[in-house]
Amino acid sequence: MVGFMGADLQASLLDAFEDPALGSLGGMQRTELSRGAWIDVLPGWLTGADQVYERLAADVPWQEERRQMYDRMVDVPRLLCFYGENEDLPLPILDEARDRLSAYYAEELGEQFRTAGLCFYRDGRDSVAWHGDRIGRGNREDTMVAILSVGEPRVLALRPRPGNTSGPVSSTIRHPLGHGDLIVMGGSCQRTWEHAIPKASGRIGPRISIQFRPAGVR
C-alpha cells in the first residue's frame, strides 16, 4: 500500500453539496464505431462524485507496480487496485453502480459485471498507453467494459486498430471524463479498437477510474 501525493482536486461546485447518488441510465448516448464496436456515454451519472473520489483516494489500498518494458523494468505510471469476484468493493455506491449496470445491460451482455479495477491518475504525468482489454475472453469474444470516473476530467482517447477503419466512426475520438461521468465500451471494442489515457501538460488534477468487467475479462 502506498500513500498519495499529487495535485489537489479542483472540486465541482455541484458535487460539493450533494450526497453520492446514481442517476438514470436512460440518458445514455450510443455511438456506433467500426466493425461492430460501440460506446455509450453518460455525463454526470454519479452525483456527489467528489466525495466518492476523496474516500477512494484515502481508503483504497493503492499499489505501485513495475512492468517489463523491452529490456528493462519500469514503474507503471498510475496507482492500481483490483477487486475480484465476490470481493467487497470499497464503497456501497460502487456495488450499486455495478448492479445497476448489470441490470441495464443484461440483455446485451448476457451476464453480470463481476470485477472492478481501480486506477489512480495522480496528475498529468500518469497515463495508460494504447491497449484493449484483451487478456482472457476479451481477446476472442465481444464483451463490455464500463468505466466510471471521479475526480478531475482526463481525456479517454479511442482509435481503431489497424485494418478496422471502415464504419460510421473510424478515426480517433476523445472524451474528457471525470466528476461522475460514465463510458461503456461494448461489442467488438476491445478487439477492434484501442483506448488510452494520454499524458497531459499543465495543471492537471487527480482522477480515479473504476472499471467494471465481466468475469474472465482484464
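What are the residues in the range 125-141 that are buried (at least 18 other Cβ atoms within 10 Å of the Cβ) and over 13 Å from the mean Cα position of the chain (by Cα), if any?
ASP126, GLY138
Would you mind stating whether GLY6 is outside any helix (DSSP H, G or I) and at pLDDT 90 or above?
no
Taking the range 29-40 as the region of interest, how many residues are within 15 Å of ILE147 (Cα to Cα) and surrounded by fewer than 16 Cβ atoms within 10 Å (Cβ to Cβ)? Steps first, answer last, please.
Start the filter on the range 29-40 by keeping residues that are within 15 Å of ILE147 (Cα to Cα), which leaves 29-30, 38-40.
When the remaining residues are screened for being surrounded by fewer than 16 Cβ atoms within 10 Å (Cβ to Cβ), the result is 29-30.
Here the count works out to 2.
Taking into account only those residues within the range 198-218 that are surrounded by fewer than 22 Cβ atoms within 10 Å (Cβ to Cβ) and touching a Leu at 6+ places or on another chain (Cβ under 8 Å), which is modelled with the highest pLDDT?
Applying the filter and picking the extreme gives GLN211.
Quick one: what pairs do we get from the range 105-120, first residue over 16 Å from GLU141 (Cα atoms), second buried (at least 21 other Cβ atoms within 10 Å of the Cβ) and small (Gly, Ala, Ser), C-beta under 6 Å, 6+ apart or different chains?
What qualifies is CYS119/SER209.
Is there a residue in the range 33-40 that is among the β-branched types (Val, Ile, Thr), more than 28 Å from GLU18 (Cβ to Cβ) and out of contact with any Cys (no Cβ under 6 Å at 6 or more places or on another chain)?
Within the range 33-40, not a single residue is among the β-branched types (Val, Ile, Thr), more than 28 Å from GLU18 (Cβ to Cβ) and out of contact with any Cys (no Cβ under 6 Å at 6 or more places or on another chain).
The values are calculated or read from the model by the stated rules, or taken from the named source; none is laboratory data. Note that the coordinates shown come from a computational prediction; the quantities given were computed from them, not determined experimentally. As a convention, Cβ positions derive from the backbone with ideal geometry for all residues, glycine included, and neighbour counts pool all protein chains shown.
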